[in-house]
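First comes the structure, then the notes that go with it.
The values are calculated or read from the model by the stated rules, or taken from the named source; none is laboratory data. Not measured: the values here are computed from a predicted model. Neighbour counts run over all protein chains shown; Cβ positions are idealised from the backbone, glycine included. Areas reflect the complete protein model, heavy atoms only, side chains present, ligands, DNA and RNA absent. Shrake-Rupley method; radii C 1.70, N 1.55, O 1.52, S 1.80 Å.
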Amino acid sequence: MNLTDYNEIRALLARHKFRFSKSMGQNFLTAAWVPEDIAASAGLDEKTGVLEIGPGVGCLTRELSKRAGRVLCIELDKALKPILKETLSDCENVEILYANALKEDLAALARERLPGLRPVVCANLPYNITSPALTAIIEAGCFETVTVMIQREVARRICAGPGSADYGAFGIFVQWHMETELLFDVPPSCFVPQPKVTSSVIRLTRREQPPVAVSGEEAEEMMFRLVRAAFNQRRKTLVNAAASQIPGLDKERTERALTALGYDTRVRGEVLGVSDFVRLAEELRGTQNPDF
Ligand code: SAH
């Protein structure tokens, strides 16, 4: 069976009386080159253990199964169970867990179900959970690479730098932990049903060290508080945004810290790079009161 052929998928789904669920972000691939290229971009070999979130009818799963040592899939929709049983019947290195990926301990699963293998993630993510799923994957701390298809708009935000309209707190969070690469775009015509937006495949690679040296956890936490404050209110100056959202931080201290670093006190957070936020957090820590 060709799992990316539109007519074959429709017939398979009809035979199992399957109905698409919008709330589960179900858009299945109907172009063979897409799962092939995603799997080929994920850097897999027999020593890799892949976590896939949302296998659908299993077209990407089959490509992963060919290339990796083991594949662990988490699928929310139990209605796909009889379908996947059929489509993956010959894939001996694939295991499927029917559960909500957002409620699972991904690090524990990788340890227990992909033992002795280099853990990576590769998936066509359900787009309604892109940010929480990526956050959970990154915070699990064990996945060396994450090759995923997501909405192009979110992909751009993840890869954006200062000065771009796409630059924001989520991108800074991802870039703090991972190197980011935008690989290729996939048009809506490659899916059934077709999503409204273009998709992009990105590859994230875990960094050994954060991109900028930081003097400790406190400074790192302060850095993220400043980042979140700045982008929650991106039209405000950094000083005003920080003062209104970080308890105990008054405007004068932030102004002094900015001046000490050579910035205008009216600067907006969106022009600061990650290293600027780190320098500011460290400068503020040097002058701080015990509230932080
Ligand atoms: N990989 C397939 C399907 C992608 S659609 C393909 O490329 O064709 C997204 C898939 O994620 C669907 O199968 C959907 O049921 C599943 N899904 C949605 N939310 C989920 C969640 N919270 N946990 C696990 N799987 C989920």
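Quick notes
- Among Gly69, Phe143, Pro162 the positive-end extreme of the charge dipole of the chain (Cβ point charges): Pro162
- For the residues Thr237, Thr48, a 1.4 Å probe over the protein chains yields an accessible-area ranking, largest first, of Thr237, Thr48.
- Helix axis angle, 251-260 relative to the chain longest principal axis, alpha carbon, degrees: 90
- The residue among Phe231, Gly273, Leu284 whose Cα reaches farthest toward the positive pole of the charge dipole of the stretch 217-285, with charges on the beta-carbon of Lys, Arg, Asp and Glu, is Phe231.
- Over the stretch 190-292 - Rg/Rh using Cα atoms and the Kirkwood inverse-distance radius: 1.13
- Charge dipole of the stretch 6-206 (Cα centre as origin; +1 on each Lys and Arg Cβ, -1 on each Asp and Glu Cβ, all else neutral): 540 debye, rounded to the nearest 20.
- Over the chain, dividing the summed -39,500 (n - 2.57) contributions of all DSSP H runs of at least 4 residues by the number of residues returns a 222 nm mean residue ellipticity of -12000 deg cm²/dmol.
- GluC sites (Glu not before Pro) lying in DSSP loop within the stretch 161-229, provided at most 12 other Cβ fall within 10 Å: Glu208
- Most tightly packed first, judged by the mean number of other beta-carbon atoms within 10 Å of their residues, the peptides 88-94, 238-244, 265-271 read 238-244, 265-271, 88-94.
- Rg ratio (alpha-carbon, reference 2.2 N^0.38 Å) - the chain: 1.14
- Percent RCO, i.e. relative contact order, over the chain, from Cα pairs under 8 Å lying at least 6 residues apart: 14
- Restraint check, Lys78/Lys196; Lys103/Lys236; Lys66/Lys103; Lys196/Lys236, Cα-Cα greater than 30 Å: Lys103/Lys236; Lys196/Lys236
- Cα centroid of the stretch 78-138 to Cα centroid of the stretch 225-252, whole Å: 38
- Qualifying lysines (Cα of each under 16 Å from Cα of Lys81; at least 8 residues distant if same chain): Lys17
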